[in-house]
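The values are calculated or read from the model by the stated rules, or taken from the named source; none is laboratory data. A quick note: this is a predicted structure, and the numbers were derived from the prediction, not measured. Ideal geometry is used to build each Cβ from the backbone, glycine not excepted, and the neighbour counts take in all protein chains shown. Ligands, DNA and RNA are stripped out before the accessible areas are found, and what is left, the full protein with its side chains, is counted by its heavy atoms. Shrake-Rupley method; radii C 1.70, N 1.55, O 1.52, S 1.80 Å.
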Amino acid sequence: MKFSRMLLWSALLVAVVPQAWAQANSVPSQPHLLVKGDASRKVMPDRFVVKVALESVDMQTDIARRKVQVNAERIAALFATHGAIAETVRMDNLSIAPSTRYKNDEEVFQGTAVSRDMEGAFETPERLQAFLAELKASSEVQVRTATPVYSGEARLRAELKAEAAAQTRTSAKGLADAYGAKIIGLYTISDVAPSFAYGVQAGSWPSANGARDFYERGDSLDRVQVSGSRVAVSPLPAPGELLTAAPITYTENVYAIFLISDGN
């Protein structure tokens, strides 16, 4: 059998570290199989982050510094009291700079501004809520929450890539066998869509369901890209309200080009 056109469909990526992936900027001139893979998983966040910005302004620098120091010690104590994860608690160095404001179009010196940022994360939204309930905010203590995160993200990505490795080989072999072809080597893999002339670009690939219909309904997850859609916790909960967070979805897209030959 002679192959005059490229076989194109969904499959999963070979598992390698992202830094090692070559970007498939072109396709080979010899017969080849171009496949795309997709794997995703939803997880609940387990790190609920809060950030506190401390700043005091005074004509006497040392007074401003001492105010910031007192507030920093108070916040650090609250982190400890409410069980913040020790390795996530961070306190930046002091920043000292002149403070000015405009009055009647004239810049007026107000004193020295001393500032310091702090950050910490809790394992549950309930602990974060308890921390916020006890934290007294003011013009010198500004607080905000950040997007919840999942601490096992790196491990999860590795697992998705491991799944993708096995499924890619199975899917590519199934496509080649269906056309009486033989896979003779891997040309390139990438997490960036290749640039090619026959029309399919990133975002217009067939769905995973279509791939299963195409070759005997294999149960592969068909595509692999790590991205995340996350929902932030409410920064200021109402009385009696619990902070909540939606699941985080991780998805990976990858592209692999296999060289093929006539199986005869």
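A few comments on the model shown:
- All conditions but one from (1) exposed (fewer than 15 other Cβ atoms within 10 Å of the Cβ); (2) under 22 Å from ALA76 (Cβ atoms) apply to LYS182; the one that does not is (2).
- Looking across the range 79-105 at every residue that is out of contact with any strand residue (DSSP E or B) (no Cβ under 6 Å at 6 or more places or on another chain) and closer than 20 Å to ARG66 by Cα, the one that is most open to solvent (accessible area, probe 1.4 Å) is identified as ASN93.
- Residue that is most open to solvent (accessible area, probe 1.4 Å) [pool: residues in the range 124-163 that are among the polar types (S, T, N, Q) and in a strand (DSSP E or B)]: GLN142
- Selection count, the range 49-61, where residues are open to solvent by less than 10 Å² (accessible area, probe 1.4 Å) and either without any contact (Cβ under 8 Å) to a residue 24 or more places away in the chain or of a type in the set (A, V, I, L, M, F, W, C) (or both): 3
- ALA121, sole failed condition from (1) hydrophobic (A, V, I, L, M, F, W, C); (2) open to solvent by less than 40 Å² (accessible area, probe 1.4 Å); (3) not in a strand (DSSP E or B): (3)
- Flag if ILE189 is among the aliphatic types (A, V, I, L, M), in a strand (DSSP E or B), open to solvent by 90 Å² or more (accessible area, probe 1.4 Å) and over 27 Å from PRO45 (Cα atoms): no
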